[in-house]
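The values are calculated or read from the model by the stated rules, or taken from the named source; none is laboratory data. Remember, predicted model here, so these are calculated numbers, not experimental data. Cβ coordinates were reconstructed from backbone atoms using ideal geometry, including for glycine residues, and neighbour counts include every protein chain displayed.
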């Protein structure tokens, strides 16, 4: 009878250890997601074809605590006029001069030749050179003809403090799950 009791304790211990390990992993995952990451759902078509309406993405909130946004990063920022968050691509960095001429985007008098930045038919305030001060960024939607972004005075240059994080992973739709480039 003593032999069976020892065997029952061994199985019970294994189950308890497995449950404890599972709880620790779930708690760690929860801490990571809610402590350092955010979710955002893309509204509208301003980031098409990179991100489509209703795509659910993860946002790294810590990315810019240790570094600064880089050109072509996709970021979540809070608009000053509406206090809502938007998702756009970083085109201009502090100290840059941005201008849109004949549908092409120029940074410091050099034409951007990136396929993600298509023809921009409405230059808005970037028709004339836009100089970015320290801590300011110029953001554009990938689908510029359907994007309310830094070209418009109600958005304008985005202050560093308004940038909430970097979009880095698409969760939904599942057929497109993966890293965002």
- [ ] Could you list, in sequence order, all residues of the stretch 87-107 that are over 15 Å from residue 135 (Cα atoms) and either free of Cβ contacts under 8 Å to residues at least 12 places away in the same chain or in a loop (DSSP other than H, G, I, E, B) (or both)?
- [x] 102, 103, 106
- [ ] Give me a count of the residues in the stretch 73-86 that are modelled with pLDDT of 95 or more and assigned to a loop (DSSP other than H, G, I, E, B).
- [x] 1
- [ ] State which residue is nearest to the chain's Cα centre (by Cα) when the search covers only the stretch 119-130 and only residues that are crowded, with 17+ Cβ neighbours inside 10 Å and in a loop (DSSP other than H, G, I, E, B).
- [x] 120
Task: Enumeration of residues in the stretch 155-181 that are under 15 Å from residue 88 (Cβ atoms) and at pLDDT below 90 - done: 180
TODO: Quick one: in the stretch 60-80, of everything that is within 19 Å of residue 155 (Cβ to Cβ) and either free of Cβ contacts under 8 Å to residues at least 24 places away in the same chain or out of contact with any helix residue (DSSP H, G or I) (no Cβ under 9 Å at 6 or more places or on another chain) (or both), which residue is surrounded by the fewest Cβ atoms within 10 Å (Cβ to Cβ)?
DONE: 72
Task: Subset of the stretch 136-175 that is exposed (fewer than 14 other Cβ atoms within 10 Å of the Cβ) and over 16 Å from the mean Cα position of the chain (by Cα) - its residue that is farthest from residue 39 (Cα to Cα) - done: 153
Task: Filtered residue count, the stretch 29-59, keeping only those that are more than 30 Å from residue 115 (Cα to Cα) and either under 14 Å from the mean Cα position of the chain (by Cα) or surrounded by 11 or more Cβ atoms within 10 Å (Cβ to Cβ) (or both) - done: 2
